[in-house]
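The values are calculated or read from the model by the stated rules, or taken from the named source; none is laboratory data. What you see is a predicted model; the values in this text were computed from it and never measured. Here the Cβ is made from the backbone with ideal geometry for all residues, glycine too, and neighbour counts use every protein chain on show.
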Amino acid sequence: MEIVSNILIYAGIIFMLFGIIGIIKYKNFYARLLVTTKIDTVGAITLIIGIAIKHGFSFFSLKLLLLLVLLMIVNPLVTNIIAHCAYSGGLEVKDDT
């Protein structure tokens, strides 16, 4: 289980590094928002699952899994609200190509 948890933790870190590259690559606000949200969610999910496996079945891992459920619900909602406010505020959708 130690090897599996380490692999998941390192995979989460790698996903987050890809998110940083996506922020640098894209110039459009909406593209950056999409990339950072997806990569942040996937990276956090793999990190939290890896840490929960590393600590075994305990109250701490139960709290981590509750945090994971909240993250999966709240992160898309907040991203939608940010994008909606930006669009309503007049931020134009520009094509990066």
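Listed by first and then second residue, the pairs linking a residue in the range 71-90 that is within 21 Å of Thr46 (Cβ to Cβ) and without any contact (Cβ under 8 Å) to a residue 40 or more places away in the chain to a residue that is surrounded by 10 or more Cβ atoms within 10 Å (Cβ to Cβ) and among the small types (Gly, Ala, Ser), with Cβ atoms under 6 Å apart and 6 or more places separating them unless they lie on different chains, are Leu71/Ala44. Would you be able to tell me the number of residues in the range 44-97 that are under 14 Å from Ile9 (Cα atoms) and among the β-branched types (Val, Ile, Thr)? Summing the residues that are under 14 Å from Ile9 (Cα atoms) and among the β-branched types (Val, Ile, Thr) in the range 44-97 gives 6. Quick one: is Leu71 surrounded by 11 or more Cβ atoms within 10 Å (Cβ to Cβ) and under 29 Å from Lys25 (Cα atoms)? In short, yes. I want to confirm something. Restricting to the range 7-26 and keeping residues that are more than 14 Å from Ile45 (Cα to Cα) and over 12 Å from the mean Cα position of the chain (by Cα), which single residue is surrounded by the fewest Cβ atoms within 10 Å (Cβ to Cβ)? Looking at the filtered set, the residue picked out is Ile24. Residues in the range 35-49 that are at pLDDT below 90 and hydroxyl-bearing (Ser, Thr, Tyr): Thr36, Thr37, Thr41. Residue count for the range 48-58 satisfying the condition of being small (Gly, Ala, Ser) and part of a helix (DSSP H, G or I): 2. Taking the criterion of being under 19 Å from Thr37 (Cα atoms) and either outside any helix (DSSP H, G or I) or modelled with pLDDT under 85 (or both), the residues of the range 84-93 that qualify are Leu91, Val93.
Candidates Ile81, Ile45: the one that is exposed (fewer than 15 other Cβ atoms within 10 Å of the Cβ) and either in a loop (DSSP other than H, G, I, E, B) or within 17 Å of the chain's Cα centre (by Cα) (or both) is Ile81. Inclusion of Tyr10 among residues that are hydroxyl-bearing (Ser, Thr, Tyr) and over 28 Å from Lys94 (Cα atoms) is warranted.
Taking Gly56, is it of a type outside the set (Val, Ile, Thr) and surrounded by 15 or more Cβ atoms within 10 Å (Cβ to Cβ)? No: the conditions fail for Gly56.
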